[in-house]
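These notes are about the structure you will find just below.
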Amino acid sequence: MKSFGNHKVWMATFAVVTVSTLALYEPTSFLPWERPERNNIYQEMMRFSEALNAVSKYYVEEVKTPALVDGAISGMLETLDPHSVFIPKDQLEDVTEKFEGHFFGIGIEFLIIKKWPTVIAPIGGSPSERLGLRAGDQIVQIDGKSSYNLNQDEIIKQLRGPRGSQVKITIQRPGFESTFDVTITRDKISIYSVEPVFMIDDQTGYIGMKRFSKTTAEELENALLKLEAQGLKQLILDLRSNAGGYLDQAVEVADKFIERGRKIVYTRGRIPQADDDYLATDDDHHKPFPTIILIDHGSASASEIVAGAMQDWDRALIVGETSFGKGLVQTQIGLKDGSAIRVTTAKYYTPSGRLIQRPYENGHFGEYVEAAYDDVDPNTNADSLKNRPVYQTSSGRKVFGGGGITPDVQIKWLLPTHFTVDLIVKNVFLEYAGDFASKNRQLANNFEAFKETWAPNERMMADFRRLLEAKNIKFDLASWNVDQNLIKLLLKKEVALHLWDRERAAQIEVHDDPQFAEVLRLFPQAEKLAALNDTGGRLRKN
């Protein structure tokens with residue numbers, strides 16, 4: 001992978017390749033609502049055929065024609081915009097699975113650590129969770145054969161299988177002298193897009209949303225009902241690093257908060273069939289409790305639809321960083337060989353008329369991604385916004401167009417230094433916390449005490465530094481000092497994950513991250529928005 005020299009850009013690249021889809025079509029060579037211009041296409045196909053034949057015949061080494069054609073298709077789409085993409089057959093299943101919301105297997109998240117597959121967490125409700133697998137468990141054998149030095153694809157292939165089939169795995173658990181066997185019956189594994197879900201205090205609920213898959217709206221409804229039963233009075237909806245997904249799910253999510261008949265989003269394209277207006281139906285509508293939506297530079301596409309609609313109708317206070325600015329609608333078209341292309345067919349607009357898509361003309365892809373991470377604070381950098389179009393919400397508040405969703409209140413989320421990112425990527429936090437948790441299982445007896453009072457002490461930090469030395473990781477004192485509090489938070493979260501689960505680990509972050517304390521102090525502003533009377537449902541542009 002090409003390095004852009006900036007870890008923020010590197011992470012964002014993964015966000016942009018996950019593009020949202022408007023519809024799925026059976027294999028075809030053209031969109032269903034139009035026929036190709038035969039003469040022009042024929043002439044260009046003949047030109048391409050000549051070039052392909054020349055390369056195949058004269059290139060210095062034997063070439064693989066399918067690879068050439070794949071590259072040609074990718075190159076063709078790259079000339080259109082940053083989000084029209086080619087998906088090879090061998091990648092399409094993985095891409096589709098992420099948004100379908102399920103697969104069949106044993107239900108674990110794992111990483112390869114020291115050449116052994118190691119459980120990061122069992123998936124909630126899965127056979128692995130029911131049988132007690134936990135973070136840190138090493139899978140040393142699968143059906144009697146060693147799993148040492150197998151790659152991720154090989155492990156997945158062996159652990160997944162038809163529903164009802166069985167697989168025997170041998171576990172080496174930290175703190176246990178000997179291994180033990182577990183026979184697991186494979187089942188349908190749901191990939192949840194809405195998690196974690198918990199109450200921060202007796203009135204404030206938190207809902208994280210990772211993506212917009214086929215089941216997101218249903219998952220959100222269940223989450224809201226769960227929190228309302230626990231006394232929900234105000235809500236934080238976290239859309240940070242949510243790169244998008246299905247358009248219809250974004251509409252259904254916004255529909256749970258916005259009154260019947262109000263526009264949520266609309267699309268406009270070159271042909272009439274790409275134009276559509278999406279209105280709230282009031283189905284599953286919830287009380288207008290104060291709501292804060294968190295966004296960052298990685299929030300894109302469907303996330304921006306929800307944040308933009310909620311902002312335009314004064315339904316939520318948008319907090320964080322300006323979102324990515326991905327407002328292009330892709331239609332997925334299956335090709336006869338099993339691959340697919342996603343072609344931009346329309347653009348997204350918020351109810352007030354703001355185009356979500358950032359400018360991309362004549363831009364190198366790396367520059368396009370990096371530009372999404374430029375920080376703009378509407379409260380302190382008015383000059384930087386003077387050339388951006390200004391719109392009004394239903395109550396007359398100013399909001400900005402020109403690409404992405406600009407937050408009402410900017411909070412610049414802390415990012416780790418390159419040194420700490422390297423520790424995360426090399427799984428050093430996981431390795432240390434797994435060993436520590438196995439030796440201190442008594443901490444699991446009282447989560448509230450752990451959350452309120454426990455913190456890594458100086459001895460732990462010294463032990464952690466010794467682990468870095470043992471792994472031959474170059475120590476960076478300046479970065480260590482800058483990230484000291486973040487490193488302690490990451491250690492505490494990872495220990496909590498090993499002692500309990502992902503939800504408890506997320507509660508640790510909310511409790512210990514000073515930025516969340518700042519978010520909680522913003523609820524009086526969210527309350528004012530919730531109490532606003534709109535101006536007849538009209539949205540205007542200045």
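The values are calculated or read from the model by the stated rules, or taken from the named source; none is laboratory data. Since we're looking at a predicted model, the values are computed, not measured. Cβ: placed from backbone, ideal geometry, glycine included. Neighbour counts: every protein chain shown. Heads up: the accessible areas ignore ligands, DNA and RNA and are worked out on the full protein's heavy atoms, side chains in. Shrake-Rupley method; radii C 1.70, N 1.55, O 1.52, S 1.80 Å.
Using helices alone, I'd like the mean residue ellipticity at 222 nm for the chain: each DSSP H run of four-plus residues gives -39500 (n - 2.57), total over residue count, nearest 500. Let's see the in-between values first.
Numbers: 19 runs with 200 residues, N = 542.
Helix contribution divided over all residues of the chain: -11000 deg cm²/dmol.
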Relative contact order of the stretch 141-261, defined on C-alpha pairs under 8 angstrom at six or more residues apart (%) | 19
Report the accessible area of LEU477, computed with a 1.4 Å probe over the heavy atoms of all protein chains in place, in Å² rounded to the nearest 10.
-> 100
Specify which residue in the list GLY261, ILE271, LEU232 is farthest towards the positive end of the charge dipole of the stretch 224-284, using unit charges on the beta carbon of Lys, Arg (+1) and Asp, Glu (-1), about the Cα centre.
-> LEU232
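Over the chain, what is the percentage of antiparallel beta bridges among all DSSP beta bridges, to the nearest 5?
Numbers: 49 of 68 bridges.
Roughly 70 percent of the beta bridges in the chain run antiparallel, per DSSP.
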Computed over the Cα atoms, what is the radius of gyration of the stretch 440-540 divided by 2.2 N^0.38 Å, N being its residue count?
-> 1.57
Relative contact order, percent, of the stretch 55-168 when contacts are C-alpha pairs under 8 Å separated by at least 6 residues?
-> 18
If the limit is 24 Å between Cα atoms, which of LYS326/LYS398; LYS439/LYS474; LYS214/LYS412; LYS210/LYS528 go over it?
-> LYS439/LYS474; LYS214/LYS412; LYS210/LYS528
Computed over the chain, the relative contact order (Cα-Cα under 8 Å, seq sep at least six) in percent reads 15
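When the dipole is taken about the Cα centre of the chain, and only Lys, Arg (+1) and Asp, Glu (-1) are charged at their Cβ, what size is it in debye, to the nearest 20?
Values: 65 positive and 75 negative charges, 38 e Å.
Value, rounded to 20: 180 debye.
Give me Rg/Rg_expected for the chain, where Rg uses Cα atoms only and Rg_expected = 2.2 N^0.38 Å with N residues. Display every interim value, and only then the final one.
Numbers: Rg = 25.0 Å, N = 542, 2.2 N^0.38 = 24.1 Å.
In units of the globular-protein estimate, the chain measures up at 1.04.
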Other residues with Cβ under 11 Å from the Cβ of TYR278 give, with Lys and Arg +1 and Asp and Glu -1, a net charge of -3
accessible surface per residue for the chain, probe 1.4 Å, DNA/RNA/ligands not counted, whole Å² -> 49
Put +1 on the Cβ of every Lys and Arg and -1 on every Asp and Glu Cβ in the stretch 424-493; which of TRP480, ASN457, LEU467 then has its Cα farthest towards the positive end of the dipole?
-> LEU467
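Does the stretch 415-497 come out rounded, prolate or oblate by the C-alpha gyration tensor, with a ≥ b ≥ c the root eigenvalues, rounded set by a/c under 1.5 and, if not, prolate when a/b is larger than b/c and oblate if not? Write out the running numbers ahead of the final one.
Numbers: a/c = 2.08, a/b = 1.63, b/c = 1.27.
Cα axes put the stretch 415-497 in the prolate bin.
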Log entry: pair-distance distribution for the stretch 178-296, C-alpha pairs binned every 5 Å from zero, whole % per bin is 2, 10, 17, 20, 18, 11, 7, 6, 4, 2, 1, 1, 0, 0
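What does the charge count near SER165 come to, summing +1 for each Lys or Arg and -1 for each Asp or Glu among other residues with Cβ under 15 Å from its Cβ?
On the way: positive: LYS157, ARG160, ARG163, LYS168, ARG186, LYS188; negative: ASP143, ASP187.
Summing Lys and Arg as +1 and Asp and Glu as -1 gives +4.
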Alpha-carbon Rg with Dmax, taken over the stretch 48-120, Å | 19.0, 52
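Round to a whole number: what % of the accessible area of the chain belongs to carbon and sulfur, probe 1.4 Å? Could you put the intermediate results ahead of the total?
On the way: 13450 of 26710 Å².
The computed percentage sits at 50.
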Determine the principal axes of the Cα atoms in the stretch 292-331, then give the extent along each, sorted from largest to smallest and rounded to whole angstroms.
-> 31, 20, 9
Quick one: net charge around LYS493, please, counting Lys, Arg +1 and Asp, Glu -1 for every other residue with C-beta under 13 Å from its C-beta.
-> -1
Dipole in debye (nearest 20) - the stretch 245-320, about Cα centre, beta carbon charges: Lys, Arg +1; Asp, Glu -1 | 160
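What longest range of the chain stays clear of loop-exposed GluC sites (Glu not before Pro) (DSSP non-H/G/I/E/B, at most 11 other C-beta within 10 angstrom)? Can you show the working numbers first?
Values: sites that count: GLU34, GLU37, GLU61, GLU62, GLU177, GLU361.
With a cap of 11 other Cβ atoms within 10 Å, the longest stretch comes to 178-360.
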